[in-house]
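These notes are about the structure you will find just below.
The values are calculated or read from the model by the stated rules, or taken from the named source; none is laboratory data. Predicted model, so just to flag it, every value in this text is computed and none were measured. Glycine gets a Cβ as well: all are built from the backbone with ideal geometry, and neighbour counts include every protein chain shown.
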Amino acid sequence: MAVSWRPDATTDFGRRVERRLRDEHLVWLTTVRADGLPQPSPVWFLWDGETVLIYSQPGKPKLANIERNPKVSLHFDGDGRGGNIVVIAGEARVAPDLPPAHQVPAFAEKYHAAGFFKRVGMDPAGFARRYSVPVQVRPTGLRGH
């Protein structure tokens with residue numbers, strides 16, 4: 001994997017990126033199909049200060065895409081007026097060595113506190129059973145404004 005990257009917290013943009021990585025609940029993960037077509041997917045995520053942790057259902061196309069080509073991007077929705085754009089380039093890996101979602105307290109707390117598990121009719125353990133494939137993204141670059 002490439003060298004890790006972190007937002008520059010000495011800039012307004014870097015602080016905004018850090019805030020969005022910490023506070024947002026949904027990010028778009030874009031992988032690339034074998035035919036070169038980008039495939040964006042909205043995903044729940046956890047930023048640990050160095051990597052982004054995502055959980056996927058088994059057999060999803062994004063997993064095969066990552067195995068074939070680990071280069072991905074993550075982006076947040078803007079403000080609807082062309083501002084607050086954040087796009088993170090990264091390298092992803094399917095990470096069976098990482099714990100299931102319900103055994104990652106920060107992930108479980110983030111989505112429980114915001115009512116996300118309740119909205120999808122699951123508790124953290126049920127989510128972990130259904131979304132059982134950990135994916136880890138190591139950011140390598142950033143653009144936006």
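Here is a yes/no grid of residues against (1) farther than 21 Å from Y131 by Cα; (2) in contact with a strand residue (DSSP E or B) (Cβ under 9 Å, 6 or more places away or on another chain); (3) in a loop (DSSP other than H, G, I, E, B):
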| site | (1), (2), (3) |
| --- | --- |
| R6 | yes, yes, yes |
| V17 | yes, yes, no |
| H25 | no, no, yes |
| D35 | yes, no, yes |
| P42 | no, yes, no |
| K62 | no, yes, no |
| E67 | no, yes, no |
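Does any residue of the stretch 79-91 turn out to be loosely packed, with under 14 Cβ neighbours inside 10 Å and basic (K, R)?
Within the stretch 79-91, one or more residues are loosely packed, with under 14 Cβ neighbours inside 10 Å and basic (K, R).
Do we find that S73 is of a type outside the set (A, V, I, L, M, F, W, C), buried (at least 19 other Cβ atoms within 10 Å of the Cβ), under 21 Å from D8 (Cα atoms) and in contact with a strand residue (DSSP E or B) (Cβ under 9 Å, 6 or more places away or on another chain) in this structure?
Against the criterion (of a type outside the set (A, V, I, L, M, F, W, C), buried (at least 19 other Cβ atoms within 10 Å of the Cβ), under 21 Å from D8 (Cα atoms) and in contact with a strand residue (DSSP E or B) (Cβ under 9 Å, 6 or more places away or on another chain)), S73 qualifies.
Can you tell me which residue within the stretch 60-87, out of those that are modelled with pLDDT under 95 and aliphatic (A, V, I, L, M), is nearest to G36 (Cα to Cα)?
The residue in question is V87.
So for the stretch 116-136 (the condition being part of a loop (DSSP other than H, G, I, E, B), without any contact (Cβ under 8 Å) to a residue 12 or more places away in the chain, surrounded by fewer than 18 Cβ atoms within 10 Å (Cβ to Cβ) and small (G, A, S)), does at least one residue qualify?
Yes.
Go through the residues of the stretch 98-114 one by one and say whether even a single one is crowded, with 16+ Cβ neighbours inside 10 Å, of a type in the set (F, W, Y), touching a residue at least 12 places away in the same chain (Cβ under 8 Å) and in contact with a strand residue (DSSP E or B) (Cβ under 6 Å, 6 or more places away or on another chain).
yes
Please go through the stretch 107-145 and pick out each residue that is aliphatic (A, V, I, L, M) and more than 25 Å from P70 (Cα to Cα).
Correct list: A108, A113, A114, V120, M122, A125.
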